[in-house]
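In what follows, a single structure is set out as structure tokens and then discussed.
The values are calculated or read from the model by the stated rules, or taken from the named source; none is laboratory data. Keep in mind that what you see is a predicted model, and the values were worked out from it rather than measured. Here the Cβ positions follow ideal geometry from the backbone for every residue, glycine too, while neighbour counts run over all protein chains shown.
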Amino acid sequence: MKTPLTLEDIFNRLLDRFGPLHWWPAETPFEVCVGAILTQNTAWINVEKAICTLKQSGIMSPEALQEIAPEHLARLIRPAGYFNVKSRRLKDFTTWLILNHGGSLERMFAGCWRELRVELLRVRGVGPETADSILLYAGNQPSFVVDAYTRRLFMRLGLLPATADYDYTRELFMNNLPQDVPLFNEFHAQIVEQCKRFCRTRPLCSGCPLDDSCPSRLA
């Protein structure tokens, strides 16, 4: 019979295998916000290309993104995919940031992060994963980020039901881990790495650091 692991056990095993992953790669908190919007429905390598173009064009600020024409912005972020939609989403976010917080992330993060999360979710194009990414990685707030990798891994480990949605999955971590920003940051990165290497759509169980405790292990 497989031995069930705690969340701390899972984190420690993954960290031992992969080492610290230093995620999220960005030079500024605002760049994190932009990346969190651009990474929707695309691979990070494509986001990096779009962000590089924005920085080279001098567009990596709320004011510059608000002023640029939507069609011009769409061309700059084309590598990230869904560029017309994401152009509008970037402009919606920066317009909201300027109108409600004077364009200042410091001011935006100054209040209660739970109230800010509710506020962010009202911005068109900002869903739970994007909001939590902004809070955790740009604002250093203890809001755990969930993605498709998280649900896949923890369903296979038997810690989530097949019907688990975003909020249900997030609560597993929020309710059972210390509210620690570095832990949340690193744990999410470790989950992504685990699913890229082993817990794929068709899993590669041989050599998996969680193999001996996975009830869904393939023979």
Q. How many residues, within region 184-219, are in contact with a Pro (Cβ under 9 Å, 6 or more places away or on another chain), surrounded by 18 or more Cβ atoms within 10 Å (Cβ to Cβ) and farther than 16 Å from residue 151 by Cα?
A. 1
**Q.** Those residues of region 184-208 which are of a type in the set (A, V, I, L, M, F, W, C) and under 21 Å from residue 130 (Cβ atoms), in sequence order
**A.** 184, 187, 189, 191, 192, 195
Q | Sole residue being out of contact with any strand residue (DSSP E or B) (no Cβ under 7 Å at 6 or more places or on another chain) and within 20 Å of residue 147 (Cα to Cα), chosen from 53, 39 | A | 39
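For every residue, the table says whether it meets (1) over 23 Å from residue 181 (Cα atoms); (2) outside the structural domain of residue 54 (by TED's automatic domain parsing); (3) aliphatic (A, V, I, L, M).
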{"site": "76", "(1), (2), (3)": "yes, no, yes"}
{"site": "86", "(1), (2), (3)": "yes, no, no"}
{"site": "92", "(1), (2), (3)": "yes, no, no"}
{"site": "103", "(1), (2), (3)": "yes, no, no"}
{"site": "109", "(1), (2), (3)": "no, no, no"}
{"site": "115", "(1), (2), (3)": "no, no, no"}
{"site": "119", "(1), (2), (3)": "no, no, no"}
**Q.** Matching entry among 125, 81, 102 (being at pLDDT below 95, more than 13 Å from the chain's Cα centre (by Cα) and more than 28 Å from residue 15 (Cα to Cα))
**A.** 125
Q: May I ask you to list the residues in region 26-50 that are assigned to a loop (DSSP other than H, G, I, E, B) and farther than 23 Å from residue 116 by Cβ?
A: 41, 42, 43
Q. Is it the case that residue 71 is closer than 18 Å to residue 138 by Cα, assigned to a helix (DSSP H, G or I) and acidic (Asp, Glu)?
A. no
Q. Which condition does residue 16 not pass, out of (1) surrounded by 14 or more Cβ atoms within 10 Å (Cβ to Cβ); (2) touching a Pro at 6+ places or on another chain (Cβ under 8 Å), if it passes all the others?
A. (1)
Q) When the residues of region 34-67 are filtered to those that are out of contact with any Leu (no Cβ under 8 Å at 6 or more places or on another chain) and among the β-branched types (Val, Ile, Thr), which remaining residue is nearest to residue 127 (Cα to Cα)? A) 39
Q. Do we find that residue 117 is in contact with a Pro (Cβ under 8 Å, 6 or more places away or on another chain) and either outside any loop (DSSP other than H, G, I, E, B) or surrounded by 15 or more Cβ atoms within 10 Å (Cβ to Cβ) (or both) in this structure?
A. no
